[in-house]
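What follows is a set of notes on a single structure, which appears directly below.
The values are calculated or read from the model by the stated rules, or taken from the named source; none is laboratory data. These figures come from a predicted structure and were not determined experimentally. All Cβ positions, glycine included, derive from the backbone under ideal geometry; neighbour counts span all protein chains shown.
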Amino acid sequence: MKRRRQTSTRSSACGLVLATICVALCNCQSLNEAAPPVATAAPHAAAQLEFGRNLYVTKCAKCHAPEPVRKYSVSKWEELIPEMAEETRLTPGETAAVRDYVMAVLAYHGPRG
C-alpha cells in the first residue's frame, strides 16, 4: 500500500509540472516578449540583470504566468515588487535583482502606453 501512495504522489507531482509547462507554452505571449532580456556592457550588471530575469520568470510563474514587464509603470512596479517578493519569500538580494531587472527593461523599452 505504501508503494502505491508513493507512485500516486509522484504522478501528481509530474502532472502538476506538465500542467505548468502547458500553461506557460499556451500563453499567447512569448516569454521574451513578457520578460525581455536586457543587454548591458558591464559584466557584473549583466549577471545581476540575468539573475533578476531568471527569478522573475521562475518565481513569478509559480503562481501565475509572468506579467509583461512593460505592462506597468515604474511607480506601479515599486508597489508590486515588495508585495510579490514577500509572497514568494525572496531574499533582499533576490528582490533587488528582480527590481534591477524590471527597472532596466523599463529604462530600455519604456512601459507600454
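Taking the residues in segment 61-81 that are charged (D, E, K, R) and either at pLDDT 85 or above or surrounded by 14 or more Cβ atoms within 10 Å (Cβ to Cβ) (or both) as candidates, determine which candidate is nearest to R99 (Cα to Cα).
Top of the filtered list is E78.
Given (1) touching a helix residue (DSSP H, G or I) at 6+ places or on another chain (Cβ under 9 Å); (2) part of a helix (DSSP H, G or I); (3) over 19 Å from S30 (Cβ atoms); (4) modelled with pLDDT under 95, where does E94 come up short, assuming only one miss?
Answer for E94: the failing condition is (4).
For R112, state whether it is among the charged types (D, E, K, R) and either under 16 Å from A34 (Cα atoms) or touching a Phe, Trp or Tyr at 6+ places or on another chain (Cβ under 9 Å) (or both).
When the stated conditions are applied, R112 passes them.
Quick one: how many residues across segment 96-112 are within 10 Å of W77 (Cα to Cα) and β-branched (V, I, T)?
Qualifying residue count, segment 96-112: 1.
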